[in-house]
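Accompanying notes for the structure given below.
Read the figures in this text as sums done on the coordinates, not as results from a lab. What you are looking at is a predicted structure, and each value in this text was computed from that prediction instead of being measured. Quick reminder, even Gly has a Cβ in these numbers, built from the backbone with ideal geometry, and neighbours come from all protein chains shown.
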Amino acid sequence: MKLQVARIGKPHGIRGEVTVQVFTDDPETRFAPGEVLQTEPASAGPLTVRSARWNKAILVIGFAEVPDRNRAEELRGTQLFAEALETEEDEEGWYEHDLVGLKALVDGVQVGTVSELVTGAAQDLLVIERPGGADLLVPFVEEIVPEIDLDGGFVTLTPPPGLLELGDAEPEA
C-alpha cells in the first residue's frame, strides 16, 4: 500500500532543492539518499532522493531528476508517496486515506462525510463536507472525535455547543 509521506512546497536555492511538508514519523528513512518516491501527479515522477537536510524546522530535499530552480518550481504542490513499512502499524494513528469518505455521525445521525485531514502544527483538523452547508473543520482530538470505526465506515463526533452551526447562513432579520 502506498502512503503519502510529503507534499512539495517552494523551491529552495538555485540547485533544484525543494521544501517539503512532512507526513511521516520517520523522515530519516523515507528521505534517505537513493530512496525512490512515487508522485501525484504521476507525470512529475518518480523522484530519487539525492540529498535531504533540515533547515531549521523545514526539510529541504534535492532530487536526482531536478537539476535547477525552474524544474523545482514545476513540482510545487506535488504529493510524494512511498510503500508502507511493516513497522508503521499504529493502533492509535490513522492515515488520511483511511479517514476520507467515512460518515461523520453525531448521536447516530449523519451530519456529513470526512473529505480531508488538515495537518497543523498545533493540532490536526478533520474537514467534514456537509450537504447543503459549508465544510466544517473539526479538531481531530479524542474529546471531539472519540470513535473511529474503519470497518463500520464512520467517525463519531461529540462537538461542543455551536461547532455544528459554524458556517451556516445567518438568518435574515
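Based on C-alpha pairs under 8 angstrom that are at least 6 apart in sequence, the chain has a relative contact order of 17 percent.
Only helices enter the 222 nm calculation for the chain: every DSSP H run of n ≥ 4 contributes -39,500 (n - 2.57), and dividing by all residues gives -1500 deg cm²/dmol, rounded to 500.
About the centre of its Cα atoms, segment 1-55 shows a dipole size close to 220 debye [charges on the beta carbon of Lys, Arg (+1) and Asp, Glu (-1) only; nearest 20 debye].
Whats the longest run of the chain with zero GluC sites (Glu not before Pro) that are DSSP loop and have at most 12 other Cβ atoms within 10 Å?
Details: sites that count: E89, E91, E92, E142, E143, E165, E172.
The longest such stretch corresponds to 1-88.
For segment 96-156, compute the orientation-averaged projected area of the C-alpha convex hull (one quarter of its surface), in nm². Answer in nm², one decimal: 4.1.
For segment 23-64, state the average projected area of the convex hull of the C-alpha atoms over all orientations, rounded to one decimal in nm².
The directionally averaged projection comes out at 3.1 nm².
Annotation: the chain has a Kirkwood hydrodynamic radius of 18.1 angstrom, from the mean reciprocal C-alpha pair distance. Set the Cα radius of gyration of segment 2-85 against 2.2 N^0.38 Å, with N its number of residues, and you get 0.95.
Dipole size in debye (nearest 20) for segment 1-142 around its Cα centre, Lys and Arg Cβ +1, Asp and Glu Cβ -1?
Charge dipole, segment 1-142, about its Cα centre: 960 debye, nearest 20.
Neighbour counting of Cβ atoms within 10 Å sorts the residues V18, V109, V60, fewest neighbours leading, into V109, V60, V18.
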